[in-house]
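The structure appears right after this line, and notes come after that.
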Amino acid sequence: MTTTHGDPSSARLGPALQGPSLARGLSQIFFQRNTWTGLLILAAFVVADWRMALLVAIGAVASTVAGALLGATDVRDGMQGFCGALVGAAVYVSLGGQGWAYLIALVGGVLCAPVTLAFVRLFGSRPLARFALPATTAPFCLVAGVMHATTAPLQVRSPAVHTTDGAVATFVRSLLTNVSEVVLVSSVWAGALILLGLFVASWKVGLAAVLGSVVGSLCALALGWSQADLGEGLAGYSGVLTAIALSVVFLRSSVASWLYAVLGTAITAVVTLALNDATDAPHYTWPYILTTWALLVVATAVPALRRPEPAGTA
């Protein structure tokens, strides 16, 4: 992810408020620049709850506008919207649809822009520049983590709803809920909509998401995750992002990159379990982020793993 500055603010606000830019902001959650993918992801939020979809939209608009005002030149690609959208989703999970949630989603969305800029500058400085690390969803995780820690009195606890499917049915269900849980939704229908959107963007991306979901669920079973957590997608969602990132986004698609993605997904499963055991606080997409950053650094020493030209999109 790269950002440059210098255009007048008035010239940047137009693209920031255009529908396609905002829709691509949702699609960039999964590294895609595709309006239809973004709309299908929005539909997945609506399936979960229209209030969640509204908070997601507020977060996406706020972060996109703030990014434009800070001089980002990748607004049309949706690169300034996805972290804010995820903050809106996280706010809904913590606060529900109460009045304060909308203000917090707005503030959180705005904060994503300077935090993203800080990551871009950090990774563009020596000695990190040679690794070309992406900021990806780290700004979302930081902002959402602060929001969660500072809004404890406002948080609501919804009763857990667990399915009572058999082991095979639970595993099959997890293949879709792993995809939906990336955006903090546990829903087979939402997962199906998102997966459809990924195949619309690219068959390789859709296939990578399926690969990450399958490997993530298999690893979760091997690591002893409960059937309830497996079925809700809580064990395998970060692996979906890792698989897409390493197979086709931040590395050139090749046999080596796909095998590396399988390895990365397995490592992500271990990191997810470690973070789950270490803290009760939500860890969002940190397992994917930490694993992907580490493996991209390692990849610079592996000739078979080459970065794409131009560099990855998220």
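The values are calculated or read from the model by the stated rules, or taken from the named source; none is laboratory data. On a predicted model such as this, the values are computed, not experimentally measured, just so you know. So basically every Cβ, Gly included, is an ideal-geometry build from the backbone, and we count neighbours across all protein chains shown. When the accessible area is computed, the model is the full protein with side chains, heavy atoms only, and any ligands, DNA or RNA have been set aside. Shrake-Rupley method; radii C 1.70, N 1.55, O 1.52, S 1.80 Å.
Could you give the length gained on full extension between Asp280 and Arg252, defined as 0.36 nm per residue of separation minus the Cα-Cα distance, in nm?
Details: separation 28, 0.36 × 28 = 10.08 nm, distance 3.64 nm.
Between Asp280 and Arg252, full extension yields an extra 6.4 nm.
Run a plain Debye calculation on region 84-129 (Cα atoms as equal point scatterers, no solvent) and give log10 I(q)/I(0) at q = 0.17, 0.18, 0.25 Å⁻¹, rounded to two decimals, same order as the q list.
-0.54, -0.57, -0.79
Any idea which of Leu241, Tyr102, Phe131 is furthest toward the positive side of the dipole for the chain, if Lys and Arg beta-carbons carry +1 and Asp and Glu beta-carbons -1?
So the residue we want is Phe131.
Based only on the alpha carbon positions, what is the Kirkwood hydrodynamic radius of region 49-122, in angstrom?
This gives a value of 11.8 Å.
Would you calculate the convex hull of the Cα atoms in region 98-161 and tell me its volume per residue in Å³?
On the way: hull volume 6.9 nm³, N = 64.
Spread over its residues, the Cα hull of region 98-161 gives 108 Å³ apiece.
For region 61-187, would you read off the P(r) tail past 26 Å as a percentage of all alpha carbon pairs? Present the calculation step by step, with values, prior to reporting the outcome.
On the way: 2778 of 8001 pairs.
More than 26 Å apart: 35 percent of the Cα pairs in region 61-187.
Quick one: if the Förster radius is 45 Å, what FRET efficiency do Trp100 and Leu263 give, using the C-beta to C-beta distance and rounding to 0.05? Walk me through the numbers on the way to the answer.
Values: r = 43 Å, r/R0 = 0.95.
Efficiency, rounded to the nearest 0.05: 0.60.
Residue by residue through region 90-99, which ³J(HN,Hα) values in whole Hz follow from phi under the Karplus form 6.51 cos²θ - 1.76 cosθ + 1.60 (θ = phi - 60°), with glycine and proline marked x?
5, 4, 4, 4, 7, 10, x, x, 5, x
Mind jotting down a quarter of the surface of the convex hull over the alpha carbons of region 159-296, in square nanometres, one decimal?
Working: hull surface 31.5 nm².
Its Cα hull, projected and averaged over all orientations, spans 7.9 nm².
Can you give the accessible area per residue of the chain, in Å², using a 1.4 Å probe? Don't skip to the answer; put the middle values down first.
On the way: 13030 Å² over 314 residues.
Value for the chain: 41 Å² per residue.
Of all accessible surface on the chain at a 1.4 Å probe, what whole percent is carbon and sulfur? Intermediate values should be presented prior to the final figure.
Numbers: 8900 of 13030 Å².
Heavy-atom surface of the chain belonging to carbon and sulfur, 1.4 Å probe: 68 percent.
When only C-alpha pairs under 8 Å and at least 6 residues apart count, what is the relative contact order of the chain, in percent?
Numbers: 599 pairs, mean separation 54.5, N = 314.
Here the relative contact order equals 17 percent.
So what's the back-of-envelope 222 nm ellipticity for the chain, counting only DSSP H runs of four-plus at -39500 (n - 2.57) apiece and dividing by all residues, rounded to 500? Present the calculation step by step, with values, prior to reporting the outcome.
Working: 14 runs with 203 residues, N = 314.
When only DSSP H runs of four or more count, the value is -21000 deg cm²/dmol.
At q = 0.06, 0.08, 0.13 Å⁻¹, what log₁₀ I(q)/I(0) does a Debye calculation on the Cα points of the chain give, no solvent, two decimals?
Scattering profile of the chain, log10 relative to I(0): -0.17, -0.31, -0.87.
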